[in-house]
Each structure stands twice: as structure tokens, then as C-alpha cells.
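Chemist: Before we start, here is the structure in question, set down as C-alpha cells.
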Amino acid sequence: MSTTAEPGRERSVPDLSVIVGERRQLVNLAYRLLGSLAEAEDAVQEAYARWYGLSRPQQEAIASPGAWLTTVVTRVCLDLLGSARARRERYVGEWIPEPLPDRGEWIGGSAGGGPADPADWVTLDESVDMAFLVVLETMTPAERVAFVLHDVFRYPFPEVAGIVGRTPAACRQLATSARRRVRAVQAPATPRGAQAGLVRHFKQAWEARDIAALVGLLAPDATMTADGGGLAGAALRPVVGGERIAQYLIHLADRAPGLTLLERTVNGRPGLVARHAGVTATVAAFGLADGRVTHIWAVRNPEKLRPWSTSRLPADAP
């Protein structure tokens, strides 16, 4: 990927709108690499800070500002991913990627009519499905970057190599290894309508405290992972088994009278939002297969629920 001007060729500083116009792509990339909207925003801000820290001649020498910004964001993300394992070891309980709402379910698209939230910039497709993001978490930083750049954003391997500082052959091997990880855990696709129907039935059974119905909707070996980050009550380890999960959910509902469950889009898929006393307490994403719930990822850490604040959620109607 070329980022400097050809010898003897004059270039002008790109228009500000061109530079700012790269932001959506950069936030999309960084969120998929990091699984955290807050960290993605920080990575993009760092790239822009470095751009504006260049002198005018240095900016003029860059042939493709978009390519330059992409390279910087990716390398910032690589550094963050490299230190993530140590940070996760200090994290209280299980760590789940930060969930995102569908922007169409927000009031006015942003809070208070102010600037759009970074979540407005993220395109919700299969590459931000919670199950997909969880698989990405099992990859090495190099695998994750090579796979996301090539398989999700369609960068050719020679360009991926230029960004990550490896050979095209090495990047191809990294992406192939990552692809195997995805295929090993990928469930058959469930039609959107069937997903929404299953989540709705799950909601109704939970509201009715119908443990038998919940058990029937859960796969026998289903897993529920909760992320409280030490800031909200949550099981420190995954709850495994349909019956155990059903009992756990009923226990939670009994401890929080007045809990309101809302059907909402979570990372582009049907999910549930639990609100208590007008505050978003939990955002749950679901993994589904063969007409049953196989995984529940319940995010309770309030720092990860920023895009789900009550000022941005629509009315409580389903």
C-alpha cells in the first residue's frame, strides 16, 4: 500500500471533509478488531491526532490519507490487542465484547440532538454478530487483524502485509488459521424471523417464570456468560446446561421485581434488554441453532452499556 507521493509529483493537503469522511470506515474496523466501542473510538482519535500532528509537507507527501489512517488505526489496535490478555487477567469475571444497538431504535439517532455517538458509525452486519466477535477473541492479535482486514474488509493480502508489517504469504496463513477457528464453531444460519420468534418466546417464558418452557427453549448444553466487570452483579463463570440457566434466570427475576424485558436488536441480531427502575441493567445477545438457544451473552457492566442509556432507548413498548 503506497502512502507517499511519487517523486517529483506535487500534492496538496486533502480537504478536511475527505479526512473526516474516513471516520466511519475506521470506527467500523477498530470495533471489529477490539470488540470495544470505547477503545475503538480512542484508537481512531489517536490516528487523527497523529495526522494533525504532521507538518504540512508531511501531509502533502501522503498519497492516500485513508490508507495512512487505516494503517495507523490497525497498528494502534495491534498494540492494544497485544496487551489485552494481561488486562483481561485483571478483569473481574468474564469479558464479553461491548454490545451495540441498532441506530434505528434510538431516539433521533443521538442523545439530546448532539453529535452522533460513535455507535452511529458502526455498520451492523454478520461481522459484528456477538457470536462472531466472541470467536475473534480466541484468535491471536495477528490472526484477528489479518482475518478482519482480508475477509471482512476485503483488503488484498499485499495491502494487509503493508499494514501489519508481514509478508503476504504470512498474512494469508494467519487468515487461513483464523478462518478455521470461525468454521469450527459456526452454527447453521437461522432465518431472521425464526431468530426473532425464538427470542420472543424466551422473553415470554422468562416473564412468566415458566422454568419448564425456558428449559424447552434452551439446548441441553447451552451456555450463559455474564459480564459485570466487577461493577454489577454477575456470575463469575459461565453457567452451563439448559436447566441450570433456566433456574438462574428465574432467580434473577425474583430478585429484581419490576424488571422490564424489551425485544431489541443487539449487534444486528434479535436480543433482549432488561431495564430495572428505568435503567438499562442488562443487554443479552443470543446464539441459536436447531430451534434452540445455545448461547446467551449477558452484558451488565455499566461501562459497556453507554450506547444503551435511557436517554437513547425508545419507549418501553415491544
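The values are calculated or read from the model by the stated rules, or taken from the named source; none is laboratory data. Quantities reported herein were computed from a predicted structural model and do not represent experimental measurements. In this analysis, Cβ positions are derived from the backbone assuming ideal geometry, glycine residues included, and neighbour counts consider all displayed protein chains. Surface accessibility is based on the protein's heavy atoms, side chains included, excluding ligands, DNA and RNA. Shrake-Rupley method; radii C 1.70, N 1.55, O 1.52, S 1.80 Å.
Chemist: If the Cβ limit is 9 Å and pairs must be 6+ apart or interchain, which residue in region 279-301 that is at positive phi pairs with which residue that is open to solvent by 10 Å² or more (accessible area, probe 1.4 Å) and modelled with pLDDT under 95?
Modeler: ASP290/ALA187; ASP290/PRO188; ASP290/THR190; GLY291/THR190; GLY291/ALA194
Chemist: Right, next: Looking at ALA49, ALA63, ALA67, can you tell me which residue is over 15 Å from the mean Cα position of the chain (by Cα) and surrounded by fewer than 15 Cβ atoms within 10 Å (Cβ to Cβ)?
Modeler: ALA49
Chemist: Kindly indicate whether LEU217 is within 15 Å of ALA289 (Cβ to Cβ) and in contact with a Phe, Trp or Tyr (Cβ under 8 Å, 6 or more places away or on another chain).
Modeler: So LEU217 fits the description; yes.
Chemist: Hey, another quick one. If you take the residues in region 271-285 that are open to solvent by 20 Å² or more (accessible area, probe 1.4 Å) and in contact with a Gly (Cβ under 9 Å, 6 or more places away or on another chain), which one is farthest from VAL185 (Cα to Cα)?
Modeler: This residue is ALA277.
Chemist: Between residues in region 18-47 that are within 20 Å of ALA142 (Cα to Cα) and assigned to a helix (DSSP H, G or I) and residues that are open to solvent by 50 Å² or more (accessible area, probe 1.4 Å) and modelled with pLDDT under 90, which pairs lie under 6 Å by C-beta distance while being six or more apart or on different chains?
Modeler: VAL27/TRP121; ASN28/THR123
Chemist: Can you pull out every residue in region 195-253 that is more than 24 Å from the chain's Cα centre (by Cα) and of a type in the set (Phe, Trp, Tyr)?
Modeler: Result: TRP206, TYR248.
Chemist: Going by the conditions given, is GLY233 closer than 30 Å to ARG103 by Cβ and either open to solvent by 50 Å² or more (accessible area, probe 1.4 Å) or among the aromatic types (Phe, Trp, Tyr) (or both)?
Modeler: Considered against the rule, which asks whether it is closer than 30 Å to ARG103 by Cβ and either open to solvent by 50 Å² or more (accessible area, probe 1.4 Å) or among the aromatic types (Phe, Trp, Tyr) (or both), GLY233 comes out as yes.
Conditions (1) hydrophobic (A, V, I, L, M, F, W, C); (2) in contact with a helix residue (DSSP H, G or I) (Cβ under 7 Å, 6 or more places away or on another chain); (3) in a loop (DSSP other than H, G, I, E, B), marked per residue:
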position	(1), (2), (3)
PHE202	yes, yes, no
TRP206	yes, yes, no
GLY216	no, no, no
ALA219	yes, yes, no
MET224	yes, yes, no
LEU231	yes, yes, yes
ALA234	yes, no, yes
ARG237	no, no, yes
ARG244	no, no, no
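Let's see how each residue does on (1) closer than 18 Å to VAL273 by Cα; (2) surrounded by 15 or more Cβ atoms within 10 Å (Cβ to Cβ); (3) of a type in the set (A, V, I, L, M):
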| site | (1), (2), (3) |
| --- | --- |
| LEU198 | yes, yes, yes |
| ALA205 | yes, yes, yes |
| LEU217 | no, yes, yes |
| ASP221 | no, no, no |
| VAL239 | no, yes, yes |
| ILE245 | yes, yes, yes |
| ALA253 | yes, yes, yes |
| LEU261 | yes, yes, yes |
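Chemist: Okay, next question. Consider LEU29 carefully, then state whether it is closer than 23 Å to VAL152 by Cα, at pLDDT 90 or above and of a type in the set (A, V, I, L, M).
Modeler: Taking the combined requirement at face value, the residue satisfies it.
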